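Read through the structure below, which is laid out as structure tokens, and then see the notes.
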Amino acid sequence: MYGGTCINIACLPSKRLIIEAGNGIDFVDAVNGKNDMTAMLRGKNHHMLADEKTVTVLDGAASFLNDHEIEVVTSDGKTEQYHGERIFINTGALPVMLPIPGLTESKAVLDSTAAMDQSNLPERLTIIGAGYIGLEFASMFAKYGSEVTVLDLHENLLPRKDEDIAALTLN
């Protein structure tokens with residue numbers, strides 16, 4: 001996923017879906033538009049690097065051999081070693097899964113990335129977490145027409161934000 005978390009699975013795709021929901025666009029059409037947008041941005045970011053004479057772009061899995069060497073198994077199965085004075089690791093981000101028994105094993109549980117890639121609008125869903133990301137998704141899916149329930153162990157929504165902002169969500 002060239003371009004990082006924001007353009008691929010976080011900020012831009014979620015905001016695109018939120019805007020499309022507010023504009024009354026069908027969920028499936030909005031997801032397709034989001035996918036087209038992220039594909040275009042990935043391509044642009046790939047070429048920003050790959051077209052540079054001093055950059056080698058590799059697709060594969062890497063592991064450290066020592067402080068200055070890595071071994072990369074490329075997507076075509078070749079193994080190559082690289083040496084560098086500095087090696088930068090840009091791994092992206094993963095959604096947080098709460099330590100609730102059975103949560104990670106359930107086939108009915110979606111993380112934020114999978115929720116934005118559904119081929120059909122869920123009739124109803126429950127969102128665990130009343131932080132800003134959970135509430136963005138709750139609002140978005142409700143605008144598309146899903147019945148949404150939000151669960152959180154805190155007394156107020158937006159528990160990690162300023163109390164005056166959290167109080168506004170109760171009105």
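The values are calculated or read from the model by the stated rules, or taken from the named source; none is laboratory data. These figures come from a predicted structure and were not determined experimentally. Note that we place each Cβ from the backbone using ideal geometry, even for glycine, and neighbour counts take in every protein chain shown. All accessible areas refer to the heavy atoms of the entire protein, side chains included, with ligands and DNA or RNA removed. Shrake-Rupley method; radii C 1.70, N 1.55, O 1.52, S 1.80 Å.
Which trypsin sites (Lys or Arg not before Pro) does the range 111-171 hold that lie in a coil by DSSP with at most 13 other beta carbons within 10 Å? Within the range 111-171, the qualifying trypsin sites (Lys or Arg not before Pro) (loop, at most 13 other Cβ atoms within 10 Å) are ARG160.
In this structure, the amide hydrogen of ILE9, modeled 1.01 Å from its nitrogen in the peptide plane, lies closer than 5 angstrom to no residue at least 5 positions away or on a different chain. When percent of Cα pairs over 30 Å apart is calculated for this entry, the matching label among (i) 30; (ii) 35; (iii) 11 is (ii). Phi-derived couplings, Karplus 6.51 cos²θ - 1.76 cosθ + 1.60 at θ = phi - 60°, listed residue by residue for the range 46-61: 4, 5, 4, 8, 4, 7, 7, 5, 9, 10, 10, 9, 10, 9, x, 10 Hz, with x used for Gly and Pro. Its DSSP H runs of at least 4 residues, each contributing -39,500 (n - 2.57), put the calculated 222 nm mean residue ellipticity of the chain at -11000 deg cm²/dmol, to the nearest 500.
Of all DSSP beta bridges located in the chain, what percent are antiparallel, nearest 5?
Working: 11 of 16 bridges.
Given both bridge residues lie in the chain, the antiparallel proportion sits at roughly 70 percent.
Projected onto planes of every orientation and averaged, the convex hull of the alpha-carbon atoms in the range 103-171 covers 5.2 nm².
Connecting C-alpha atoms closer than 10 Å in a GNM of the chain, tell me which of GLY145, GLY60, GLY92 has the biggest fluctuation. The residue with the greatest mean-square fluctuation here is GLY60.
Applying 0.36 nm per residue to the separation of HIS47 and LEU153 and subtracting their alpha-carbon distance, the gain on full extension is 33.7 nm.
Coupling constants for the range 100-106 follow from the phi torsions by the Karplus curve (6.51 cos²θ - 1.76 cosθ + 1.60, θ = phi - 60°), and in residue order they are 9, x, x, 4, 6, 7, 5 Hz; glycine and proline get x.
Counting only protein heavy atoms and a probe of 1.4 Å, the accessible surface of the chain is 54% carbon and sulfur.
The Cα trace of the range 1-90 gives Rg and Dmax of 17.4, 53 Å, the first to one decimal, the second as a whole number.
The relative contact order of the range 96-171 comes to 24 percent, based on Cα pairs under 8 Å that sit 6 or more residues apart.
Taking every protein chain into account, the accessible area of the chain amounts to 71 square angstrom per residue (probe 1.4 Å).
Within the chain, which is the longest segment that contains none of the GluC sites (Glu not before Pro) sitting in a DSSP loop with at most 12 other Cβ atoms within 10 Å?
Values: sites that count: GLU52, GLU85, GLU105, GLU123, GLU155.
Within the chain, the longest run free of exposed GluC sites (Glu not before Pro) spans 1-51.
Taking amide H atoms as placed 1.01 Å from N in the peptide plane, the amide H of THR126 lies under 5 Å from those of THR149, each 5 or more residues away in sequence or on another chain. How many angstrom lie between the Cα centre of the range 100-171 and the Cα centre of the range 1-37? If we compute the Cα centre of each part, the gap is 17 Å.
Each residue was assigned an accessible area with a 1.4 Å probe, and for THR149 the value is about 60 Å².
Principal-axis analysis of the Cα atoms of the chain puts helix 132-144 at an angle of about 70° to the longest axis. Just to confirm the number: angle between the C-alpha axis of helix 11-22 and the first principal axis of the chain, 0 to 90 degrees, nearest 10? That works out to roughly 30 degrees.
What's the extension gain from ASP26 to ALA39 if we count 0.36 nm per residue and subtract their Cα-Cα distance? Intermediate values should be presented prior to the final figure.
Details: separation 13, 0.36 × 13 = 4.68 nm, distance 2.00 nm.
Here the answer is 2.7 nm.
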